[in-house]
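Before any comments, here is the structure.
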Amino acid sequence: MKDIESALIEERLYRPTKKFQENCNITAEQAIKQHADYKFNPESFWKGLANQFIEWDKPFTKICSGSRPFFKWFEDGELNVSKNCVDRHIKNTNNAIIHISESGKKENISYKKLYEKVNRFSWSLKKMKLKEGDRVIIYMPTIPESIIAMLACARLGIIHSVVFAGFSSESLKDRIIDCNAKAVITVDGFKRSGKLIESKKVVDEAIEAGCECVKAVLIFNNLNLKISKNKIDFTWDEIAPRESVVVDPLSMNAEALLFILYTSGSTGKPKGIMHSSAGYLLNCSLTSRWVFDLKENDIFWCTADIGWVTGHSYVVYGPLSLGATVLIYDGAPTYPDKNRFWKIIEENKVTVFYTAPTAIRTLMKVGEDSPRSFKLDSLRLLGTVGEPINPKAWVWYHKMIGLGNCPIVDTWWQTETGANMIAPLPGISDLAPGTCTKPLPGIETAIMDTNGDEITNANIGGDLVIKNPWPSMLRGIWNDENRYKQTYWSKYNGKYYITGDTARYDDKGNIWIMGRSDDVVNISGHRLGTMEVESALVAHINVAEAAVVSYKHEIKGEAIHAFVSLKQNTKKLDNSKYADELRQWVKKKIGSIAVPERISFSDMLPKTRSGKIMRRLLRNLARGEEISGDTSTLENESVIAQLREIL
Ligand code: WT7
């Protein structure tokens, strides 16, 4: 088989401003030194950082131990993550959290206040007889109380598992059962796009369907809804201490699990990704400093929901461990209108903004010019995560949101990696739209060809792997050691961590993510990353979003089926005319090899609640197969029927 061919070459380059370079946390000289230190002695590199970034209760003497695929970091050290994120900063005068609710209410929580609240809730958890090693589900929207709940668990060594509040009762039940959770922390309800979601009812349904392990449900009264109370239900008020309390943080072993977070794999059953305490905290903390350039006076808005790993690492643990201020907003990006995000940035003088390409494209679609009416000059750094950002969206983000002054950090990582792995250092890297650039100091990646050799040439795609262990790597899949070995370590004789992504280098050594390895199509003997075709399609002036999948083709082996949604203001033309135009366009951008055989136009594409296009579903449709696997994560179920109609 040939290696994946790459045809999309991006020529534009963006340098950080002088002002940014002069004030950044990591300068070119420091970066060179970090890389050199790592190369010279990886163990002393990590040792130095672990001592610099973490406050230890008991110092560690061991650094990295174990062997593939099971590693331990700093295993004889002790710390408490909650203490590192809260207690360390109680003398700070800045806010820990600024919360904006969808309805427009604003709450500021100082570090001191956060400390009090975390202590109070820790007391309640203790009162409920929850203890070290127990698993507790947090099923809540992104409000301060979910952060407080996470930090209170961490304070007592309780392993939290946050389940995204948009998941159905069935998905919730599966996760509760899988980790054998003793308690569920939830809210009465919350609003999203103005619509009421009654979380407590969903929890009831899950428990009725059979979760005997759950001994208590702790309900935060978020909207003052009338709720039905079962024997195991307690409101936060009922179990709160009467006066102010201090609950000492437990000194935890470095390797003690901090949390489990479920993520979907290629099979229906979600994987409970396990993360440790010290190693996880270290990479979150140092990437917050290096990549997001955070300082204590920053107002960092990471728009991710607390239910995803981005919410764990860059709403909670990373920024709070540095004593910065995080802004959280619990509503939809376009509620009540397309300007909501820009208004929040203006009103709160957000300095660092981190969001997903899908959000950028959505906001671009509904109002390409609307950011112009807002004062966005408080921003100094922008970030993206979750999928490759198409150059057109990147350039818009840079110009319209960053006003041409903000570096954009395109951060590649995964639930499994815990923290950014491949990302620019914003004061140094030359940025080309669409690449996540190079691995961070301490991270060694490689791109592998089908023979198991490392690819070093530009523009040849292969499997992206991570060669050496790193502190925040997953510690396994909860209760499924075999699946852990099989999914992440089996392909290259157990030598490397398999990311499941394909990637290529450009001629400057920057890494371009091409897609998941199963998103690769083979057309007439040429392997192509579907993401590249998508990127070409969305670069067309009338295209809002595109998803590309393959289906079996008599002559070519595989052919491309593109699902396209056009911009709202697009002239109504015959679909076949647009299809012809897009074919010409792709031919021009990549070559005839990539021209989609079929193009279907639809108002919307099927997306998961975290905003990822569900290509698996489109693949089924394109191939005329039954829809396989889990569709419970779909944001809009009706899209399936719509798509069937247009095929
Ligand atoms: C997968 C991980 C990491 C937090 C959000 C998603 C894709 C992630 C990028 C990026 C291209 C990216 C990869 C990865 N991905 N960031 N900057 N450029 N692709 O976490 O749900 O664990 O998904 O998202 O395919 O494997 P996740």
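Please treat every number below as a calculation from the coordinates, not as lab data. Nothing here was measured: the structure is a model prediction, and the numbers come from that model. Heads up, the Cβs are rebuilt from the backbone with ideal geometry, glycines too, and the neighbour counts pull from every protein chain shown.
Binning at 5 Å from 0, report for region 388-483 what percent of all alpha-carbon pair distances ends up in each bin.
So the P(r) values, bin by bin, are 2, 12, 17, 19, 18, 15, 9, 5, 2, 1.
Based on alpha-carbon centroids, what's the gap between region 215-264 and region 275-307 in Å, whole number please?
Centre-to-centre (Cα) distance: 23 Å.
Counting just the Cα atoms, what span does region 507-647 cover along each of its three principal axes? Round to the nearest Å and put the largest first.
42, 36, 35
How do 282-291, 219-228 rank on mean C-beta neighbours within 10 Å, highest first?
Numbers: 282-291: 26.5, 219-228: 15.8.
Answer by packing, highest mean first, reads 282-291, 219-228.
What nm value, rounded to one decimal, do you get for the distance between Thr631 and Asn221 when each label is placed 7 Å out toward the C-beta?
Rounded to a tenth, the inter-label distance reads 4.1 nm.
Within region 68-103, whose backbone N sits under 13 Å from a point 7 Å along Cα→Cβ of Glu296?
Flagged as within label range: 88-96.
How far is it, in nm, from the label point at Glu170 to the one at Arg68 when both lie 7 Å from their Cα along the line to the Cβ?
That separation, rounded to one decimal, is 3.9 nm.
Rounded to whole Å and sorted largest first, list the principal axis extents of the Cα atoms in region 43-195.
So the three principal-axis extents are 52, 42, 31 Å.
Past 19 Å, Cα to Cα: identify those pairs from Lys33/Lys295; Lys195/Lys226; Lys91/Lys295; Lys467/Lys495; Lys105/Lys200; Lys106/Lys343, in the order given.
On the way: Lys33/Lys295 21 Å; Lys195/Lys226 17 Å; Lys91/Lys295 16 Å; Lys467/Lys495 7 Å; Lys105/Lys200 22 Å; Lys106/Lys343 13 Å.
From Lys33/Lys295; Lys195/Lys226; Lys91/Lys295; Lys467/Lys495; Lys105/Lys200; Lys106/Lys343, over 19 Å: Lys33/Lys295; Lys105/Lys200.
Tell me which of Pro469, Ser169, Leu196 sits at the most positive position along the dipole axis of the chain, charges placed on C-beta atoms (Lys, Arg +1; Asp, Glu -1).
Leu196
Under 25 Å between alpha carbons: how many lysine pairs meet that in region 520-646, if sequence neighbours fewer than 8 apart on the same chain are excluded?
For region 520-646, the number of qualifying lysine pairs is 27.
Arrange the following residues from fewest to most other Cβ atoms within 10 Å of their Cβ: Phe121, Phe60.
Values: Phe121 27, Phe60 19.
Fewest to most other Cβ atoms nearby, the residues stand as Phe60, Phe121.
What percent antiparallel are the DSSP beta bridges of the chain, to the nearest 5? List each step's numbers first, then the result.
Working: 59 of 99 bridges.
Here the share of antiparallel DSSP bridges comes out near 60 percent.
Write down, largest first, the equivalent ellipsoid semi-axes of the chain in whole Å, where each equals the square root of 5 times an eigenvalue of the alpha-carbon gyration tensor.
Details: eigenvalues 278, 165, 130 Å².
Ellipsoid semi-axes (Å, largest first): 37, 29, 25.
Using a Förster radius of 51 Å, what is the FRET efficiency between Glu454 and Gln52 based on their Cβ-Cβ separation? Nearest 0.05, please.
Values: r = 32 Å, r/R0 = 0.63.
It comes out at approximately 0.95.
For Lys343 and Gln21, compute 0.36 nm times the residue count separating them, minus their Cα-Cα distance, and round to one decimal in nm.
This chain segment gains 113.1 nm when fully extended.
Can you give the alpha-carbon Rg of region 143-281 over 2.2 N^0.38 Å, where N counts its residues?
Working: Rg = 15.7 Å, N = 139, 2.2 N^0.38 = 14.3 Å.
Compactness ratio reported: 1.09.
Taking only DSSP H segments of four or more residues, each worth -39500 (n - 2.57), what value at 222 nm results for the chain once the sum is divided by all its residues, to the nearest 500 deg cm²/dmol? It would help to have the intermediate numbers written out before the result.
Working: 19 runs with 182 residues, N = 647.
Using -39500 (n - 2.57) per qualifying helix, the result is -8000 deg cm²/dmol.
Would you order Asp449, Asp369 from fewest to most other beta-carbon atoms within 10 Å of each residue's own beta-carbon?
On the way: Asp449 17, Asp369 8.
Sorted ascending by nearby Cβ count, the order is Asp369, Asp449.
Say each of Asn479 and Glu29 gets a label point 7 Å from the Cα, pointing the same way as Cα to Cβ; how far apart are those two points in nm?
5.5 nm
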